[in-house]
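Step one of this worksheet: look at the structure below.
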Amino acid sequence: MSAEEIKEKIQKKIDNKKTVTYILPNIEDLDLKRSLLSQLRNVNIPLSVPNLNKKEILKNLEECLESGWVSTGGKFIPEFEDKVKKYIKTKCAAGVQSGTAGLHLSLQVLGVQRDEEVIVPTLTFIAAVNPVTYLGANPVFIDCDDSLCMDPIKLEKFCSEECDFIDGILVNKKTNRKIRVLVIVHVFGNMADMEKIMDIAKKYNLKVLEDATEALGTYYTEGKYKGKFAGTMGDLGVLSFNANKIITTGGGGMVVGDNYDLVEKVRFLSSQAKKDPLYFIHDEIGYNYRMLNLQAALGTSQIDELESFIETKTKNYYLYKEAVNSIGGLQLLTFRKGIRPNYWFYSLVVDEEKYGLNKDELLRKLVSENIQTRPIWGLIHQQKPYQKYEAYQMEKALWYHERVLNIPCSSNLTEEEVEIVISKLKK
């Protein structure tokens, strides 16, 4: 395929920028699922789609194509890494293939060993947990608080009551397995309570991996971590640039942090662990987890527009909030005080008794109106691959799982589209 044909193909994808990812609710009726899927193919208002500046993107992509550096190498990868570093005020960044790849590599360089345990949330996308098992380790699931992020009270209780702290290492009393790493997910653009969590991690000598894949742009506005962005308080942070994230490279992710050795180890492992790239000498097993120059070319144009995207998402959040507050039985989930969120997802809490519909019934109603919505993820400790692992005192995650529905939140969502969604919620 010629460079011109590639550019034409990319242009067509950009023109079709309201392509959606289809997400089906937890419904047993296969015919109903097929019907919903058919309707979702024709939604007028999708859940979350890329906001793409054609002119700037095509300029960067054309330069990338003409350089010949479309895979590894090329100027856009370090340029994108530098822009992200400056934006979130961290010292180091390494572009990778995906957020999942970033989490896998980060857990490895933080020292997770086979047969150990890693503390994780249950209310998250499964990609935050799967890399634990890639390394032969075992997840231990912790409940969420009202932010939907990990509950620090339950975390402290688990560490103090269910574990021993022996010679600087946390050990699970039930399994006698060591715990060295804690994974924190900043859910839907909110921020976990990092002051309390980092204090707990310090007390029990735990490394902290921040999954900030949904929270690029979220930062503290007050307190101990004032000015600190999601992903920059733990030992390492991971970002994602999947198509539904606040900025996108089509796929791709990034590992960030202030520890040069850790981030460079991630970079080393992501490129097949080439000790000598000229003679292709390897002394470790690596991975093909590199970010592509084509992806980074898209990312360099997207990062410049991030604050504009957040401004639009903030405005739309408050339009929704004002309207939803007047609808009995619906509540728009709030964000933690003392932060500037990126407002990635807008989450409705549906009270079936007061509203008259449960969240699955509301989902079907909105889909029938050509409005895409999405239930919260299936809780990971209840998923078939993870039912055998410890899940500690689950309460709020179960409650929110039954009630939360995400509504359209794209950064190019218009005020008119917000009003359409609101009108359908009122009926």
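For the set LYS203/LYS226; LYS83/LYS245; LYS174/LYS388, the pairs lying more than 20 angstrom apart at their alpha carbons are LYS203/LYS226.
Counting neighbouring Cβ atoms within 10 Å and putting the fewest first, the residues TRP377, TRP399 line up as TRP399, TRP377. Taking every alpha-carbon pair under 8 Å whose residues sit at least 6 apart, the chain reaches a relative contact order of 22 percent. By the helix-only formula, in which each DSSP H run with n ≥ 4 contributes -39500 (n - 2.57) and the sum is divided by residues, the chain has a 222 nm mean residue ellipticity of -11000 deg cm²/dmol. Across segment 164-265, Cα pairs under 8 Å and at least six residues apart give a relative contact order of 20 percent. Among beta bridges identified by DSSP and lying wholly in the chain, the antiparallel ones come to about 60 percent. When segment 58-303 is described by a simple charge dipole with +1 on each Lys and Arg Cβ and -1 on each Asp and Glu Cβ, the residue from THR122, THR213, LEU236 located farthest towards its positive end is LEU236. Under the criterion of Cα pairs below 8 Å and six or more residues apart, the relative contact order for segment 58-303 equals 27 percent. Applying both filters, DSSP loop and at most 14 other Cβ atoms within 10 Å, to the GluC sites (Glu not before Pro) of segment 256-333 gives GLU284.
In this entry, segment 87-242 is assigned a mean projected area of 8.7 nm², taken as a quarter of its C-alpha convex hull surface. Summarising the amide proton neighbourhood of PHE125: residues at separation of 5 or more, or on other chains, whose placed amide H is nearer than 5 Å comprise an empty set. Along segment 58-73 the Karplus relation, 6.51 cos²θ - 1.76 cosθ + 1.60 evaluated at θ = phi - 60°, assigns HN-Hα couplings of 5, 4, 5, 5, 5, 4, 5, 5, 5, 6, x, 8, 9, 9, 7, x Hz to successive residues, with x for each Gly and Pro. Evaluating 6.51 cos²θ - 1.76 cosθ + 1.60 at θ = phi - 60° for every residue in segment 78-90, the Karplus couplings come out as x, 5, 5, 4, 4, 5, 5, 4, 5, 5, 8, 6, 10 Hz, glycine and proline recorded as x.
Computed extension gain for ARG114 through TYR260, at 0.36 nm per residue and net of the alpha carbon distance, reaches 50.1 nm.
Please report PHE158, PHE165, PHE125, PHE229 as a ranked list, fewest other C-beta atoms within 10 angstrom at the top and most at the bottom.
Numbers: PHE158 23, PHE165 14, PHE125 19, PHE229 26.
So the ranking, lowest neighbour count to highest, is PHE165, PHE125, PHE158, PHE229.
Amide H contacts for SER347 (H built 1.01 Å from N in the peptide plane; partners 5 or more residues away or on another chain; cut-off under 5 Å): LEU333. Each residue of segment 98-110 is assigned a 3J(HN,Hα), and the resulting list reads 6, x, 4, 4, x, 5, 4, 5, 5, 4, 5, 6, 7 Hz, derived from the Karplus form 6.51 cos²θ - 1.76 cosθ + 1.60 (θ = phi - 60°), x at Gly and Pro.
Each reported figure results from applying straightforward, stated rules to the coordinates on display, with no laboratory input. The structure displayed is predicted, hence computed values, not measured ones. All Cβ positions, even for glycine, are placed from backbone atoms using ideal geometry, and neighbour counts span all protein chains on display.
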